[in-house]
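Just so you know, all these numbers are worked out from the coordinates, no wet-lab data involved. This one's a predicted model, so the numbers in the text were calculated from it and none came from an experiment. Here the Cβ positions follow ideal geometry from the backbone for every residue, glycine too, while neighbour counts run over all protein chains shown.
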Amino acid sequence: FDEARIYFTKSLQLQKPHSHTFRNARIGFARSLNGLGRSREAVDAISLSIEETPLSETTMLAIQYQLKGDFHFFADELNAAKECYDMAFSLFSKEDQTKDRAYLFRSLGAYWITQGDPQQAKACLLEALTILERENAEPVSRLALYYWLEQVADFEVPMEKRIALRCHYDLSFYSLLAGKISNEDFKLPRWFNRRLESQSSDCWVITLKSI
């Protein structure tokens, strides 16, 4: 994440201010700060980007509000996260079926799990999954969904998706939470590190309904 922060900093210096590529670099910069555990700086960076984004660019604003909500979520600032998610939801068109809106549904689903509302969580997560599977989204995005769906008490995640969460070759932090071992040398973001199981394994006993 620190290496990414350095590259995004250089990119911001080279891009034309307020351009689309400049905003994308600032979003990347904010993500890298959040990955380093510097959530307050990440929120400040994405807030500045939001302020500088024209009101006419509703989709870009929605994406940034969703991201800001995630920064609050991973800092356990759940009320602030929900406010950002609601703002993002209001900015997306109801007809929008892109991956960006799917990510918002995923974030909302995770939020509702923390609030003990499995029905709203399941509705949001399944909506996200429908979009991502139709759009053939990158596996790492779907792995995060499988993790959160496993947290919904009255929902049974299909076995092939549960296996994918634990065994897919793409590296997902959520896979590590499910027990996958990684030989990669990196530091997990604080939110994930606090929830990482002390006992992980590359070997599981799989039955028809359980792992």
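What the table below lists for this structure:
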quantity: Dipole in debye (nearest 20) - the range 88-182, about Cα centre, beta carbon charges: Lys, Arg +1; Asp, Glu -1; calculated: 180 debye
quantity: Residue 167-residue 134 FRET efficiency (beta carbon distance; Förster radius 25 Å; 0.05 resolution); calculated: 0.60
quantity: Residue 57/residue 119 FRET efficiency (R0 35 Å; Cβ-Cβ; nearest 0.05); calculated: 0.55
quantity: Burial order of peptide ranges 147-155, 114-122 (average beta-carbon count within 10 Å, highest first); calculated: 147-155, 114-122
quantity: Difference of contour (0.36 nm per residue) and Cα-Cα distance, residue 156 to residue 196; calculated: 12.2 nm
quantity: Separation of alpha-carbon centers, the range 44-84 and the range 136-158, rounded to whole Å; calculated: 24 Å
